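Asks: After the structure tokens below, expect a handful of questions from me.
The values are calculated or read from the model by the stated rules, or taken from the named source; none is laboratory data. All figures in this text were calculated on a predicted structure; none of them were measured in a lab. Positions of Cβ are backbone-derived with ideal geometry, glycine not excepted, and every protein chain shown enters the neighbour counts. Side chains included, ligands, DNA and RNA excluded: accessible areas come from the protein's heavy atoms. Shrake-Rupley method; radii C 1.70, N 1.55, O 1.52, S 1.80 Å.
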Amino acid sequence: MILVLGALGQLGLELTQNLRQSLGAQAVLAADIRTPSDHFLAEGPFERVDCCDAAALEALFRQYPIDQLYYLPALLSSKAEKFPKQTVETNFIGLFHSLELVRKYPCRVFYPSTIGVFSADSPTLDTPQNCMMRPKTIYGTTKLAGELLCEYYHHKYSMDIRSIRLPGVISHQVCPQGGTTDYAVEMFYAAQNTKVYTSYLEADTTLDMVYIDDAIRGILQLMQTDRCCLHSGVVYNLTAMQFSVAELHAALREYYPDFELCFEVDPLRQQIANSWPERINDLWAREEWGWNPQYQFKDMVRTMLFHLQKQTHV
Ligand code: AKB
């Protein structure tokens with residue numbers, strides 16, 4: 001059975017749905033600290049659990065025959081700055097408890113990392129897998145520490161742990177919350193509804209992004225790869241597209257010509273964005289497990305608008 005911790009988040013919801021479609025609803029145990037909708041509850045097994053509660057997590061491992069764990073709970077970059085203690089607990093301590101349990105109840109583990117592990121000291125373009133990484137945010141710090149913890153358990157106890165450094169994820173089912181790349185999703189909703197968006201990032205800020213379907217496909221592809229092909233070890237850079245705030249606005253104006261963009265730059269989020277790379281190098285993911293995104297910028301814009309229009313007409 002697969003355990004998805006953090007199943008109600010932006011990645012968790014779509015990952016759970018995707019796994020349930022291919023393996024059957026009963027094969028995937030969704031868990032989250034939040035309360036699910038009745039609709040979600042009806043779709044398959046769910047347990048309410050705090051990822052920082054080691055005893056509650058152990059009860060799940062005792063009760064269910066778990067052979068894969070997706071550890072998805074996280075506070076994202078900008079919210080993390082406001083809640084550093086909760087960030088350390090969720091992004092790192094919960095992971096530590098989970099890895100300790102996996103020593104006892106062996107299973108394959110996925111841990112999402114982020115482009116936030118890089119910093120202003122890292123190369124901005126073509127950022128290699130291994131380079132100078134000195135994040136100045138609590139988000140980047142906990143995620144980099146999480147990566148190192150995964151590598152430690154992998155090397156020390158031969159545990160099968162896999163991780164991807166995700167860029168901003170663009171999706172339409174669950175809005176991301178508390179991130180720096182969230183503006184991209186917010187802008188789609190604004191283009192469709194209010195026809196005006198006030199950006200907290202400057203017009204020329206360019207960041208790495210991926211469309212949700214590609215992100216989920218990548219995660220599942222990595223999890224299904226034979227361990228012997230993963231020469232680099234545990235963590236992989238991944239990217240699909242790069243665009244600036246102004247470029248997304250221009251693309252949306254092709255569909256909504258009266259869509260306006262204003263600015264009220266948030267110094268905190270701008271500083272975070274400035275410290276992240278514009279395009280990371282994901283050659284190892286392409287070579288070792290066949291990463292190949294299907295959505296480029298224009299495909300992503302078209303697909304997002306298609307889904308959002310469908311939601312409006314339901
Ligand atoms: C964030 O903006 O904090 C996240 C991320 C890139 O890790 N979306």
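Asks: Leaving out ligands, DNA and RNA, what percent of the accessible area of the chain is carbon and sulfur, probe 1.4 Å?
Replies: 52 percent
Asks: Then there's this: Probe of 1.4 angstrom, ligands and nucleic acids ignored: what's the accessible area per residue over segment 263-314, in square angstrom?
Replies: I get 60 Å² per residue for segment 263-314.
Asks: Can you give me the accessible area per residue for segment 73-130, using a 1.4 Å probe, in Å²?
Replies: With the other protein chains kept in place, segment 73-130 gives 41 Å² per residue.
Asks: What FRET efficiency, computed as 1/(1 + (r/R0)^6) with R0 = 30 Å and r the Cβ-Cβ distance, is obtained for THR312 and HIS39, rounded to the nearest 0.05?
Replies: Numbers: r = 18 Å, r/R0 = 0.61.
Efficiency computed from Cβ-Cβ geometry: 0.95.
Asks: Same structure again: Can you show me the helix-derived [θ] at 222 nm for the chain, built from DSSP H runs with n ≥ 4 at -39,500 (n - 2.57) apiece and divided by the number of residues, rounded to the nearest 500.
Replies: So the helix-based figure for the chain works out to -13000 deg cm²/dmol.
Asks: Okay, next question. In the chain, what % of DSSP beta bridges are antiparallel (nearest 5)? Don't jump to the answer; show the numbers that get you there.
Replies: Working: 4 of 36 bridges.
Within the chain, antiparallel bridges account for around 10 percent of the total.
Asks: Follow-up question, since we're still on this one. About its Cα centre, what dipole magnitude does the chain give when the only charges are +1 on Lys and Arg Cβ and -1 on Asp and Glu Cβ, stated in debye to the nearest 20? If you can, show how the numbers build up before the last one.
Replies: Values: 26 positive and 36 negative charges, 115 e Å.
The dipole of the chain has a size of about 560 debye.
Asks: State the answer as a single residue: which of LEU230, PHE188, TYR295 lies farthest towards the positive end of the charge dipole of segment 173-299, with beta carbon charges of +1 for Lys and Arg and -1 for Asp and Glu, about the Cα centre.
Replies: Farthest along the dipole direction, towards plus: LEU230.
Asks: At 7 Å along Cα-to-Cβ for each site, give me the label-to-label distance between ASN130 and GLN221 in nm.
Replies: It is 2.4 nm.
Asks: Charges at C-beta only: +1 for Lys and Arg, -1 for Asp and Glu. How large is the resulting dipole of segment 1-128 about its Cα centre, in Debye rounded to 20?
Replies: I would put it at about 160 debye.
Asks: Can you find, among GLN311, TYR200, ALA273, the residue farthest towards the positive end of the dipole of segment 198-314? Put +1 on the C-beta of Lys and Arg, -1 on that of Asp and Glu.
Replies: The one lying farthest along the dipole's positive direction is GLN311.
Asks: Something else: If one takes the longest principal axis of the Cα atoms in the chain, at what angle in degrees, from 0 to 90 and to the nearest 10, does the Cα axis of helix 212-224 lie?
Replies: The angle comes out at about 30 degrees.
Asks: How much length is gained if the chain between ILE93 and ASN292 is pulled fully straight, taking 0.36 nm per residue apart and subtracting their Cα-Cα distance, in nm to one decimal?
Replies: Values: separation 199, 0.36 × 199 = 71.64 nm, distance 3.26 nm.
Additional length available on full extension: 68.4 nm.
Asks: Can I ask one more? Rounded, prolate or oblate, given the Cα gyration tensor of segment 188-314, with a/c below 1.5 counting as rounded?
Replies: Oblate.
Asks: Here's a follow-up. Per residue, what accessible area does segment 142-189 have, given a 1.4 Å probe and all protein chains present, in Å²?
Replies: 32 Å²
Asks: Going toward the positive end of the dipole of segment 1-62, with +1 on Lys and Arg Cβ and -1 on Asp and Glu Cβ, which of ILE2, LEU60, GLY24 do you reach last?
Replies: Value computed over the given set: GLY24.
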